[in-house]
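What follows is calculated from the coordinates using simple rules that are stated; it is not laboratory data. Source: prediction; values computed, not measured. Heads up, the Cβs are rebuilt from the backbone with ideal geometry, glycines too, and the neighbour counts pull from every protein chain shown.
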Amino acid sequence: MADGSAASSGTRTAVMQLDFLGDWKRTHRCGELRAADAGTTATLMGWVSRRRDHGNLIFIDLRDRSGITQIVFDKERNPEMHARVEAVRNEYVLGVRGKVELRAENTRNPKMATGDIEVIAGELKLLNDSKLPPFFPGDTNAPVNEEVRLKYRYLDLRRPEMHANIEMRHRVALAIRNYLASQGFYEIETPYMTRSTPEGARDYLVPSRVHPGEFYALPQSPQIFKQILMIGGMDRYFQIARCFRDEDLRADRQPEFTQIDLELAFPTEETIHEVVEGFLDAAFSSAGPTIERPFPQMPYDEAIRLYGIDKPDLRLPPMTDVKALLPPDAMETLLAEPSLPIVALRIPKVGELSRKERDEHKALLNEKQAAVIKFYDDFKRLEKSWPEAIAKIRQLSGAEEGDLLVLVAAPKREGGASNPASAAADHAAERRHQRDTYAVYTTAGQLRLALGQRYAARHKAFEGKTFKFLWVTDFPSFEWDPDAGSWTFAHHPFTSLHEEHMELLAEGVQTLHDPNSALGAIRARAYDVVLNGVELGSGSIRIHQQEVQARIFQALGMGEEEQKERFGFFLEALQYGTPPHGGIALGLDRIVMILAGAPSLREVIAFPKTAAATDLMMIAPTPVSEAQLRELNIRIKQ
Ligand code: ASP
């Protein structure tokens, strides 16, 4: 018989006699028994979550993924079994058969689903013992270091919170599958070992043994395959797909993550939006909350103007353009640049602020941001100088008593700023002015979010289950890459442009290395679905004509040789009757994280990687043997 000291030293207790399962079958899960079951016999199996020894009576909380049942071992009824249970410790695995009894009135536990009953053990199977674990999964109060949790993930997964998250993930994925199947989508798997897919990240590579010196790439997304499925007449495809991107990991990224990936033939944007709203509705209601449909839509340019960001958080009010309301002398006095936007930010219900609190606002801008905008957060003072204008600003921005209003402008420029009026004929100057304008909006947008966070406890807009969805549409097709000194794709290069912008493309190609190129004005048939300021997914209507696709590659400096080498098979496929098609992909991990109210993606992925892209349980990555390297024709540089 084992004693407690052996268990607590963490060594296995060799003398403990373990039982086999034999023909025992569970009649219930540990979270199922209720008062109505009193008088019946139940067989339960699970882990010892807690054990209380009251001498003649030993109480064990037996836990499985469904919950906990209290088991009573009574020395008087069964001294031999009682003696065995004295040696049992947390996380041992037991099978128990016994009578379900109502607990005495004063010992019932209304906080526990099974709190009205207990099981009086009649037979016991000691199915396994356990080393002393580094933490007790049943102890919800003790905080556990995340590295320890990830190293001992199997113990961590036993925690009720993890069961709940993983169960929710299952439920959400199932609801999405069922919905998409009901809409005529086929679930189709695409390869993991493939070639590079252009989503803009670095690839994970897999060396080929059979083809020395050659590599597969793990897919950054199934993008090309799903388009080829449309060429293959599959009509509607979806996959809950793993994607691999070797990116520098920010706090909440995983090197492999899961997307709900789909593609449709012959769709309009509306068709795709309806499908996505449909499956999100199914997913959210499977987890509890109902959502409002249809989601509002906002073109990218409007999102920038109103929220200063391409993923607006609608839980806080938009910014208001107020330049027209300010008299010229105000702009002079405030040293605000009159050719650039002046906006008012409103954060609701902030209340009176002290001078000190307002002074702290300055620290919300870094040096770069402070060069782009200046702000005035003392509206009482502004009001004294320009009472009428400020009253109108209050009204236009919908301010109520206690709201914080902040006026944001660009600092006045020496010799004036780029002037759109006098430069009407000069497209480049106009675009430069547009860039300056957007810089003011986006920096003001960053200040809006920083203030929103700072006063979250006062306005409370981020609390509770408010789900504000939004479609952001008509994204720029290209973005300026300051490091490369040229324009590049803002999405993957299969995204359709708006037809009326094809001319701009011809013009823009001449000025690939000019930040004020016409390429910056081209808008794509691309859309993002945004929830509470978080991008859940993005997609687009695709280019389905080979000639247009080749022209886009060309536009971005990809010569014919490179096109052939990287995408030859795809350009070829496009020539065999490609239907118009489009699709989208949404991050499943993120959706579940939001629904579970979890603080990180790692809480909703069974086996996540750390922020340094390592697996602490399996220990990966690892060096490999000389022999393996030799077979792959690879030598590691020392
Ligand atoms: N492949 C894209 C992505 O992973 C989504 C899409 O365009 O459908 O972001």
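If R0 equals 60 Å, the separation of the Cβ atoms of LEU132 and GLU479 corresponds to a calculated FRET efficiency of about 0.65.
Size descriptor for the chain, Kirkwood hydrodynamic radius: 29.5 Å (Cα pairs only, one decimal).
Can you give the FRET efficiency to the nearest 0.05 for VAL548 and ALA456, using r as the Cβ-Cβ distance and R₀ = 35 Å? So, using R0 = 35 Å, E works out to roughly 0.15. Annotation: for a label point projected 7 angstrom from Cα along Cα→Cβ of ASN178, residues of segment 275-295 with backbone N closer than 18 Å are 276-291.
So if R0 is 51 Å, what FRET efficiency would GLU332 and GLU507 give, r being the distance between their Cβ atoms, rounded to the nearest 0.05? Spell out each step's value before the answer.
Numbers: r = 39 Å, r/R0 = 0.76.
In this case the efficiency is close to 0.85.
Backbone N atoms of segment 199-241 closer than 18 Å to the 7 Å Cα→Cβ label point of VAL624 belong to residues 203-219.
Need one number: % antiparallel among DSSP beta bridges in the chain, to the nearest 5. Once the DSSP bridges in the chain are tallied, antiparallel ones form about 95 percent.
By the count of neighbouring beta-carbon atoms within 10 Å, fewest first, PHE375, PHE73, PHE494 end up ordered PHE375, PHE494, PHE73. Note that segment 479-488 has calculated 3J(HN,Hα) couplings of 10, 7, 9, x, 5, 7, x, 7, 8, 9 Hz, one per residue in order, obtained from phi through the Karplus relation 6.51 cos²θ - 1.76 cosθ + 1.60 (θ = phi - 60°); glycine and proline are x. Net charge of the neighbourhood of ASP313, taken over other residues with C-beta under 10 Å away and scored Lys/Arg +1, Asp/Glu -1, is +4.
Counting other C-beta atoms within 10 Å, and keeping those with at most 10, which DSSP coil GluC sites (Glu not before Pro) do you find in segment 365-410? Of the GluC sites (Glu not before Pro), the ones in loops of segment 365-410 whose Cβ has at most 10 other Cβ atoms within 10 Å are GLU400, GLU401. Of the residues THR290, THR41, THR473, the one with the fewest other Cβ atoms within 10 Å heads the list, and the complete ranking is THR290, THR41, THR473. Label positions at PHE607 and ASN145, each projected 7 Å from the Cα along the C-beta direction, are separated by 2.4 nm. Length gained on full extension, GLN563 to ALA83: 165.2 nm, using 0.36 nm per residue less the C-alpha separation. Exposure proxy for SER600, SER625: other Cβ atoms within 10 Å of each Cβ, ordered fewest to most, give SER625, SER600. The C-alpha atoms of segment 58-199 occupy a region whose extents along the principal axes are 71, 36, 28 Å, arranged from largest to smallest. Taking Cα atoms only, the orientation of helix 160-182 departs from the longest principal axis of the chain by about 60 degrees.
Once the chain from LYS25 to GLU161 is taken as fully extended at 0.36 nm per residue, the excess over their C-alpha distance is 46.3 nm.
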